[in-house]
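Trainee: Below you will find the structure I want to go over with you.
The values are calculated or read from the model by the stated rules, or taken from the named source; none is laboratory data. Bear in mind that the values here come from a model prediction, so they are computed numbers and not experimental data. Cβ placement follows ideal geometry from the backbone for every residue including glycine, while neighbour counts extend to all protein chains displayed. Heads up: the accessible areas ignore ligands, DNA and RNA and are worked out on the full protein's heavy atoms, side chains in. Shrake-Rupley method; radii C 1.70, N 1.55, O 1.52, S 1.80 Å.
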Amino acid sequence: MLLDQVKAETVFRKVKHVREEYRAYTLAPNLNVLSIEDLFKIVERMYGGKIERFGVPFPASYTRGMLLRYFGRSIIYVRHQLDDDWKRFTAVKETCHIFLDEEEDWSTDGVQTIAELQNDLSLNGHGQIAKKTTQSEIFAELAAMELMYPHECRKSDLENGEVSLTKIAIQHGMPLAMVERALSKSYRAISDSLWETVGPPSFLV
């Protein structure tokens, strides 16, 4: 799946900005485990509007959560049956939609979007760029990965020979599947390129 390079850079710049604000305004942050409540406060402060989260029981094969937008507030629904790490990841991903999406990115065709998400990702190449609604889902997921398991942590784990994916997942409070994806060779190529373009957060310089 071919992603828009300009949009991808914009997404990573926004993630960078959120991380900088999170670091600056969160008291004694645990840099290994992202606080969902503190993330809500930072995004509320940066972009305005109250964020509410509710666990709801609903049957679904792929859908883990959803975001409803109203004037002055956003409501995140997370599937109650999920494991705790998936609940956390889902809440972060839906929060990312709040600061990443433009109105043209909003989707009502979930089935088609899910089908398109099964394809491999690429920033460079030939072919048709994925639809904006599909890219919205992809970029929200990547942004959540970057917030929960930051680039510098992945780099350190790889350099230090940390190979226990389960240990990494527990350390960062995120799903094992997302750790595997973050450390995959294909995703590392994408994220390394984007962070080289965007530059690291100010607290790492």
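Trainee: Using a 1.4 angstrom probe with every protein chain in place, what is the largest-first accessible-area order of His97, His80, His17?
Mentor: On the way: His97 10, His80 105, His17 85 Å².
Sorted by accessible area, descending: His80, His17, His97.
Trainee: Along the principal axes of its C-alpha atoms, what lengths does the range 1-63 span, in descending order and rounded to whole Å?
Mentor: 38, 35, 27
Trainee: Still on this structure: For the peptides 18-31, 139-152, 172-185, what is the packing order when you average, over each peptide's residues, the other Cβ atoms within 10 Å and list the highest mean first? Present the calculation step by step, with values, prior to reporting the outcome.
Mentor: Details: 18-31: 14.5, 139-152: 22.2, 172-185: 17.6.
The packing order, highest mean first, is 139-152, 172-185, 18-31.
Trainee: Quick check on my link table: of Lys155/Lys185; Lys14/Lys87; Lys14/Lys41; Lys50/Lys93, which ones sit more than 20 Å apart, alpha carbon to alpha carbon?
Mentor: Values: Lys155/Lys185 12 Å; Lys14/Lys87 23 Å; Lys14/Lys41 16 Å; Lys50/Lys93 16 Å.
With Cα atoms farther than 20 Å apart: Lys14/Lys87.
Trainee: Related question: Going toward the positive end of the dipole of the chain, with +1 on Lys and Arg Cβ and -1 on Asp and Glu Cβ, which of Val198, Ser35, Leu158 do you reach last?
Mentor: So the residue furthest toward the plus end is Ser35.
Trainee: Here's something else I'd like to know. What percentage of the solvent-accessible surface of the chain, computed with a 1.4 Å probe over protein heavy atoms, is contributed by carbon and sulfur atoms? Present the calculation step by step, with values, prior to reporting the outcome.
Mentor: Working: 5630 of 10940 Å².
Accessible surface attributable to carbon and sulfur in the chain totals 51 percent.
Trainee: Can you give the FRET efficiency to the nearest 0.05 for Ala24 and Phe58, using r as the Cβ-Cβ distance and R₀ = 30 Å?
Mentor: Working: r = 37 Å, r/R0 = 1.23.
With a Förster radius of 30 Å, E is 0.25.
Trainee: Just for the chain, what percent of DSSP beta bridges are antiparallel, to the closest 5? Intermediate values should be presented prior to the final figure.
Mentor: Values: 6 of 15 bridges.
Counting DSSP beta bridges with both partners in the chain, the antiparallel share is about 40 percent.
Trainee: Please give the contour-minus-distance gain from Ser164 to Lys41: 0.36 nm per residue of separation, less the Cα-Cα distance, rounded to one decimal in nm. Each step should come with its number before you reach the end.
Mentor: Values: separation 123, 0.36 × 123 = 44.28 nm, distance 3.22 nm.
So the extension gain works out to 41.1 nm.
Trainee: Would you mind telling me the antiparallel percentage of the DSSP bridges in the range 9-86, rounded to 5?
Mentor: Numbers: 6 of 13 bridges.
If we restrict to bridges inside the range 9-86, about 45 percent are antiparallel.
Trainee: So, for the chain, what is the accessible surface per residue at a probe of 1.4 Å, expressed in square angstrom? Could you put the intermediate results ahead of the total?
Mentor: Values: 10940 Å² over 205 residues.
Ligands and nucleic acids excluded, the result is 53 Å² per residue.
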